[in-house]
Structures are given as structure tokens and as C-alpha cells.
1. On C-alpha positions alone, give me the angle between the axis of helix 105-118 and the longest principal axis of the chain, in degrees, nearest 10.
2. How far is the Cα center of region 121-158 from the Cα center of region 49-109, in Å?
3. A 22 angstrom limit on the alpha carbon distance is what I want to check against. Which of 69/190; 74/176; 156/202; 74/202 exceed it?
4. What label, among [x] 16.8, 48; [y] 17.0, 54; [z] 18.8, 65, belongs to Rg and Dmax of the Cα atoms in Å computed from the structure on display?
5. Note the angle between two axes, namely the Cα long axis of helix 166-189 and the longest principal axis of the Cα atoms of the chain, as a number of degrees from 0 to 90, rounded to the nearest 10.
6. To the nearest 500 deg cm²/dmol, what mean residue ellipticity at 222 nm is calculated for the chain from DSSP H runs of n ≥ 4 alone, each contributing -39,500 (n - 2.57), summed and divided by the residues?
7. Which residues make up the longest stretch of the chain that has no GluC sites (Glu not before Pro) in a DSSP loop with at most 12 other Cβ atoms within 10 Å?
8. Restricting to bridges with both residues inside the chain, how much of the DSSP beta-bridge set is antiparallel, in percent to the nearest 5?
Amino acid sequence: MSSKTFPTLSLEQAEFDLGARFVIGIDEVGRGALFGPVTVGVAVLEVDKHGGAVAGSENAWPSALADSKLMSEKAREATFTPVGEWVSAWAVGSASNEEIDRLGITACLALAARRAIQDLHTEIRAKIAAAPGSALAILDGSHNWLGDTLGPVAVKVQTKADRDCVSVAAASVLAKVTRDRAMVDLSRQKPALEAYGIAGNKGYSSQQHIDALRELGPTVLHRKTWLTRILAEDALF
């Protein structure tokens, strides 16, 4: 029997039952990477389409959907399109390594979320803008790094929401696959990145990545402000 925890619609349904028409799942990926952007996924559920959905029902979410960290790369790729088709709307936004160095990670999380929101389907954005009190965002984590990004739309911060809530798990998978694909494509375009293992580690601090940083130094796509400790460990003074 699998020990993996799968998300449910319980929290979203509770909000629908209280009168919400839209629930917006939000999650980030790449926050702890040394290389490349931080990416935020946004997935919108509508009461008319998703209210009352249960696992295995006709309008249920893809059965393999889970927190992206608990899924294999193959499973995430296989789930990406079905998840994108199941939600009412979704988008992904990013903030670059240069912006992270200049503005800091918290500001860039909000910036990436703002870009994702702006990229949502126009019709969904218009519906939410017309009645912001009918929408609620569920944000994975322990604090609201969105700030005022969503304006009058309320935000519920939920620890392990990417594990427990289908809307946030959907946002997690959509963001993770999008960012991972970008890292792999970048590695193919720039063969010099092979030394850092970016296609495999996706910019996180694997041993190969750290060894290459110490031997070759950072690239223009590294977060320079994140490398002080790693690059200082071999210093004599």
C-alpha cells in the first residue's frame, strides 16, 4: 500500500460551501535553488465546475495528482496536461536570478505571483475582478509572502497545502514542470552548463553543482548573493 499522501478537495469545498465561487491555489518552486528563477504557479477552481468533486467521480482531479515534491519527474510530466485541463485556469510566473539578487527572494516571490496572475485567462481574471469577495486564494506555507499582490482577494495561508489541497497541488505540479522544462532546455542551448549538472539538479545544490561552482565560478544565471558561503569555504583568508 502506498504511503504517499494524496490531496483532497476538503478545504476548497468548505470555502465553496461558505459562498466562494473561485478558489485560487498558489505555490512556488525554485525558492532554494542557486541558479535560475523562482517560479510561482496559480491554479483556479470554480464552484460550478469543481464543487462537489470527489476522488473517482466524473469531475474529479487526476488521480495521480500530489505535491510535486512527492512525485517522480515521470509522474509530474504525465500529470501536467491532465491537471492543466482539469482546472478552470492556470498560469505560471517567474522572477529571474538577477531580480532575486537585486530585490530579495520574498519580493521576487510576490513579483512572480503577480506575473502569473496577470497571465491568467482574461475571462477568469475579469470574473474575479468583478467580484473579488467571491474568491479566496490558498497559499502554501506559513506566512503570506503575497503581500497585496491579490488586492482585495482574501488569502488563506496553509502549511502543507501542496500536500493536502488539490488546487495547491495542481499549482505545484504546473509550476514545477514548467520550471524544470526551462532548466533542461537551457542546458541544451548552453552546453557549458553541463558541468554544473543543471539538467539534472534543476539549479539546486547537488554535489556536482557545488564542485563546478568552486572550480569554474558562477555563470550569469546564478544567484550571486546565494553563493557567498559556498565560494568562501575554500578561501584561505
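1. For 105-118 against the chain, the angle is about 50 degrees.
2. Using only Cα atoms, the two centres lie 16 Å from each other.
3. Where the Cα-Cα span goes over 22 Å, the pairs concerned are 69/190; 156/202.
4. [z]
5. Tilt relative to the chain: about 30 degrees.
6. About -12500 deg cm²/dmol.
7. Result for the longest clean stretch: 59-232.
8. Just about 60 percent of them are antiparallel.
Quick note: the coordinates plus some simple rules give every number you see, no bench work behind them. Just so it is clear, the model here is predicted, and its values are computed rather than measured. Positions of Cβ are backbone-derived with ideal geometry, glycine not excepted, and every protein chain shown enters the neighbour counts.
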